[in-house]
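What follows is a set of notes on a single structure, which appears directly below.
What follows draws every value from the coordinates through simple rules; no lab data is involved. Treat the numbers as computed from the prediction; the structure is a model and nothing was measured. Please note: Cβ atoms are built from the backbone with ideal geometry, for glycine as well, and neighbour counts cover all protein chains shown.
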Amino acid sequence: MNPVLKQKIQQLPALPESAIQLEAIYHNPNSSFDDMVKVLERDPLLTADILKAANSPLYGFTREISSITQAVGLFGMGTIRGFALAMIVKKSFDLNLKPYGISNTQFSDLSKAQNALAVNWYLRKDPKMMEFLSPASFLIEIGKVLIAQLLIEEEKETLFKERLATSDSVRALEEEFCATHTAEVSANIFDHWKFDERLISLIRHCGEPDEVDASLKEASKVLHVIRAATTLEGLFTDKSLLEAKLLIVQYALDLESFDAAIAKMSA
């Protein structure tokens, strides 16, 4: 990895106590649904952020979700954990995505769209997979924040942005400019913070199912599809959806349920 990026990761502040408590409860086999709710409710700002996210039209619920208890009941502990970690983690960074030509709002929209697609596509199909797929879909793009910082510091912002406008691969361009790519940087960030090793592996090997444990192979494929389907601005376009569907065929995933998820989010 680029040594400057490695140094930036090592200098990141410790995670807030709320994230540490949340992870401890989530991975404690003796903890319950109510234990997670209690931890989240101790942080009113985090609670408000989670409820705002849960009520996004992207998830397609017709009734307002008014409490954390209701949110955990509808989405499951794994997905709400993803909501909470994403919000806590993003507050640990100074966001400036100008090299990617997107605003902070669009960067947030990207994460939300990817997570909403994961939820609409797989929450009912495989709830157990959401234990990893939900936080991964929310958090995998965070590496772009440090890559953007490096490009700005090295005065490569303008050239990167110009090249990005005509590039077919964000990853290839990141590797050319920084000798690494978003998923690798994100995985190293979460390794620094000592997140679950399986979550780190899924993020690091998104689209590399042969590199992960058998239990994560499908999740690696699904996460690759989700990233392909979503533009940097957090949108689904004809071009991005075509790329995603080609991957679905390649991976032998369920195209019908993917189309239903996209239709639900576009309604």
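Structure notes:
- Shown is the FRET efficiency for Lys98 and Asn30, computed with R0 = 41 Å from the Cβ-Cβ distance and rounded to the nearest 0.05: 0.35.
- Reciprocal mean inverse distance between Cα atoms of the chain - Kirkwood radius, Å: 18.8
- Separation of alpha-carbon centers, region 147-179 and region 6-83, rounded to whole Å: 33
- Calculated FRET efficiency for the pair Phe236/Ala14, C-beta based, R₀ 45 Å, to 0.05: 0.80
- Max mean-square fluctuation residue, GNM over the chain, Cα-Cα springs under 10 Å, options Val119, Val225, Val89: Val89
- The trypsin sites (Lys or Arg not before Pro) found in region 137-238 that occupy coil by DSSP, while having at most 14 further C-beta atoms within 10 Å, are Lys194.
- Of the residues Asn104, Asn120, Asn188, the one that moves most in a GNM of the chain with alpha-carbon contacts below 10 Å is Asn104.
- Mean residue ellipticity (222 nm) of the chain, computed from DSSP H runs ≥ 4 via -39,500 (n - 2.57), nearest 500: -20000 deg cm²/dmol
- Backbone N under 18 Å from the Glu197 label point (7 Å along Cα→Cβ), restricted to region 128-145: 132
- Footprinting exposure proxy for Tyr100, Tyr26, Tyr251 (fewest neighbouring C-beta atoms within 10 Å first): Tyr251, Tyr26, Tyr100
- Residue among Leu139, Leu95, Leu223 with the largest mean-square fluctuation in a Gaussian network model of the chain, springs linking Cα atoms under 10 Å: Leu95
- Panel order for Thr79, Thr182, Thr166, Thr237, by other beta carbons found within 10 Å of each beta carbon, from fewest to most: Thr166, Thr237, Thr182, Thr79.
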